[in-house]
Amino acid sequence: MRHRIGIDIGGTFTDFTLLRDDGSVFLWKQDSTPDRPVEAIETGLTSVAKELDTDVQALLDDAELLVHGTTIATNTLIQRNGPRVGLLCTEGFRDVLFFRNGYKPHRFDIHHPHPQDFVDRWLRLSIPERFNHHGHELVPLDEDAVRRAAASFREADVKAVAIAFLWSMVRPDHELRAAEILGEELPDVPVVCSHVVLPEIREWQRTSATVLSAYILPGIAEYLREFEAEMGERGLDSPPLIMQITGGCARVDDIIKRPVSLLASGPAAAPAAALHYARGVGEDLITVDMGGTSLDVCVISGGTANMSREVEVEDQPIGIPAVECHSIGAGGGSIAWIDQGGALRVGPRSAGAKPGPASYGLGGEEPTITDANVALGYLQPEAFLGGRRALRDDLAEEAIAKQVAEPLGLSVPAAAAGIIRVVNANMVAAIRVMSVERGADPRRFTLVSGGGAGGLHAAALAAELGIRKVLVPAEAGTFCAFGMTVTDVRHDLAAAVHLVSGRPELDRVNEALAQLEREARERLSEEGFSDDQIAIERYVDARYPGQVYEITVPVAATGEIGPQDLRQIESAFHDAHERQFTYSRRNLEIECLHWRVVAFGRLPLAPSQEAERTGESAPDPTGTVECYDPAVQEFIETPTYDGAALVPGGSLEGPAIVQSSTTTVLVPRGATVEVRADRNLMMHLSATNVEQQVVVQSHAAV
């Protein structure tokens, strides 16, 4: 039987999802190996093959698709452990990275530290050259200056070079020639050009995206090539695909051309998973993916994931369209600590895979969220990872006692409950950033709980936000890895062609769009997609004259754009502007700056394996445990259920704990859980649950 494989490397676990042709799914979690990430993949694939009574060769030979997401690029930026890089820029624009956009959010705060640049100023070298915005050469490229810069880079031992010349998105000739010269002078140093990474106006964003690409390129190129070679040697027929921050996947060669697309590649798969579940739910969704290190929040509205071109990593813009995902340091391994003022804090620092939470028994001594869940009875030591790892409740309680309970004068249960309240408040705030602060009422959404730790907190988060329905997928424990098996191949291309709607020059626009579409179709054709599997979408960035920022609106035309199509674009822009800013100026012409082509290689819809409803209403519990009830502040006897044994049509009432091999779900008193036909759990919260959450918060305030 053929299958798809998704592999997501996280800070604590590397997740595997195997989706078969009949819709059945196999899930696996393997400890991550930060020093050599591919080692966790090798070990995990071996374990998966063993569990399925086969070998890795046969496992990969039967794979019609393998998609991989990784945090290597993001971690390189966050930890700033990348190599030394250099920048070639137009003479007079050496300090674009420093001046940014005037640093608007903090321009009047003299105490706020300026973000640290990823390339030192002495390695930002100016080159005499200049095109204007029409593409006319004003200053020829000084090739001798480029060769002198190459000598400086050689002496400084730079490992990559970024080239970001002014107006290169209109005329890239100088960047291309400079890259040729650097290739001659520094043959072993990779070069990244801004007209390839981000062919758009705004020199700060374009320069930043190019520098970030150069900064992460040496590390990711080595890793991705090693991964690609390893999979090929082990039996994978087609090249592996890599998850992109755009929400689609692409081949290794495409990622290396634009490395910033690899940032946040793991969390970007969450919307793909959510959209798969949305087919059965039919509602707008808020997804929370709580793993071992972080919590990632995404919003699915109107059948699409929110996209943004304002995403930043380490205060640096990446420029490219990205799945809008808000991440905070709130995972199962996030460490609880007391600050100098005596307040309890949780995260962002994480125990990671090694040493991990204290309850892992691997040497960790600091209390984590996982330890708090163990101490409160929510996470049973013998049920973790399906029993493959026994947790130590004594070590969890000891860590909480020493680091939190004793300093604050609390009992261990009260301290553990405090840890949970603090991290829940952090996570609720993150959800509000993506909903309330964007003008969306979270109460109309269904909360989708993903990640190994998500099910333990989802009900409390939903109750705090007034959300009454929580979907816990059967694949929640490997949420993003599952999303990678149901995503499409995607390529984003853009061209900067300025047009004013009152004075249209459509020939240049149509020529640019035709070229972008040809390139997109060629790429997808090379990747094995037929014409009927290729879908093309067009967009344009537009604004009113004098505005600083644009709104991206769809271009409905499929052939050449004519005057009538331009009127439709104008109307779509006015409507979008009114929705976003509550007003429009329909008597004004609009400016169009960037024309975009998004090309999809559509994969067949992944089947959902739906079992027959048995009519059973109340499954038998597997046992009972003592769990802490925050509403009454005491331990109560709580039934436990085997998630794998729950059958469609069944239901259960809280308080209860549902245990599976990759996640645990905490069902509070007053809530009910319905087992859907696809074996996903739909939790319905009552008004009492919301009221109880208010009581819990009032206890916390006291």
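Here, each number is a calculation from the coordinates, and none is a lab measurement. All values derive from a computational prediction rather than experimental measurement. As a convention, Cβ positions derive from the backbone with ideal geometry for all residues, glycine included, and neighbour counts pool all protein chains shown.
The angle between the Cα long axis of helix 270-281 and the longest principal axis of the Cα atoms of the chain comes to about 60 degrees, rounded to the nearest 10.
Could you line up Y277, Y539, Y628 from fewest to most neighbouring Cβ atoms inside 10 Å? Each step should come with its number before you reach the end.
On the way: Y277 25, Y539 18, Y628 21.
Arranged by neighbour count, lowest to highest, Y277, Y539, Y628 become Y539, Y628, Y277.
With kT/(6 pi eta Rh) evaluated at 37 °C and eta = 0.692 mPa s, and Rh the Kirkwood radius from Cα pairs, the chain diffuses with a coefficient of 122 µm²/s according to Stokes-Einstein. With R₀ fixed at 25 Å, the C-beta to C-beta distance from D531 to D507 puts the FRET efficiency at about 0.40.
Would you mind calculating the gained length between R36 and F108 on full extension (0.36 nm times residue separation, minus the Cα-Cα distance), in nm to one decimal? Mind showing how you got there, number by number?
Numbers: separation 72, 0.36 × 72 = 25.92 nm, distance 4.38 nm.
Taking R36 through F108 to full extension adds about 21.5 nm, to one decimal.
Dividing the Cα radius of gyration of segment 1-138 by its Kirkwood radius returns 1.22 for Rg/Rh.
How big is the dipole moment of segment 82-204 about its Cα centre under a simple scheme where the beta carbon of each Lys and Arg is +1, that of each Asp and Glu is -1, and everything else is neutral? Debye, nearest 20, please.
Values: 15 positive and 20 negative charges, 106 e Å.
Using only the charged Cβ atoms, the result is roughly 500 debye.
Going by Cα centres, segment 418-439 and segment 455-497 are how many Å apart? If you average the Cα positions of each part, the centres end up 16 Å apart. Cross-link reach is defined here as a Cα-Cα straight distance under 16 Å, omitting same-chain residues fewer than 8 places apart; for K50 the lysines meeting it are K29. Can you give the extra length, in nm with one decimal, that the chain gains between A58 and E226 once fully stretched, where that is 0.36 nm per residue apart less the Cα-Cα distance? Stretched fully, the A58-E226 segment lengthens by 58.4 nm. Taking one quarter of the surface of the C-alpha convex hull of segment 82-204 gives a mean projected area of 8.1 nm². For the chain, the longest principal axis of the Cα atoms and the long axis of helix 37-51 meet at an angle of about 50 degrees. Considering only A151, A162, H111, the residue lying farthest towards the positive end of the dipole of segment 82-204 is H111, judged by Cα position with unit charges set on Cβ. Ignoring lysines fewer than eight residues from K469 along the same chain, none have Cα atoms less than 18 angstrom from its Cα.
Since only S525, G546, L493 are under comparison, the one whose Cα sits farthest along the positive direction of the charge dipole of segment 489-601, derived from C-beta charges on Lys, Arg, Asp and Glu, is G546. Magnitude of the charge dipole for the chain, about its Cα centre and with charges confined to Cβ atoms of Lys, Arg (+1) and Asp, Glu (-1), is about 1620 debye.
What the pair-distance distribution of segment 262-346 shows, using all Cα-Cα distances binned every 5 Å from zero, is 3, 13, 20, 18, 17, 13, 8, 5, 2, 1 percent. Our analysis of segment 489-601 gives Rg over Rh at 1.01, with the two radii drawn from alpha carbon positions and Rh computed by the Kirkwood formula.
Compared with the dominant Cα axis of the chain, that is its longest principal axis, helix 173-185 is turned about 80°. Ordering I657, A453, V509 by Cα displacement along the dipole of the chain toward the positive end leaves V509 in first place; charges were set at the Cβ atoms of Lys, Arg (+1) and Asp, Glu (-1). For the chain, the relative contact order is 12 percent, taking Cα pairs closer than 8 Å that sit 6 or more residues apart in sequence and dividing their mean separation by the residue count. Within the chain, antiparallel bridges make up roughly 75 percent of the DSSP beta bridges whose residues both belong there.
This model, with +1 at the C-beta of Lys and Arg and -1 at the C-beta of Asp and Glu, gives segment 31-103 a dipole about its Cα centre of some 840 debye. The distance separating the Cα centre of segment 52-84 from that of segment 297-353 comes to 21 Å.
For the modelled label position 7 Å from the Cα of S686 along Cα-to-Cβ, which residues of segment 629-658 have backbone nitrogen atoms closer than 18 Å? Answer for segment 629-658: 629-633, 636-639, 651-657.
When DSSP beta bridges are limited to those with both residues in segment 82-204, what percentage is antiparallel, rounded to the nearest 5? Each step should come with its number before you reach the end.
Numbers: 2 of 14 bridges.
Given both bridge residues lie in segment 82-204, the antiparallel proportion sits at roughly 15 percent.
Would you calculate the separation in nanometres between label points at I78 and S47, each defined as 7 Å from the Cα along the Cα-to-beta-carbon direction? Here the answer is 2.1 nm between the modelled labels.
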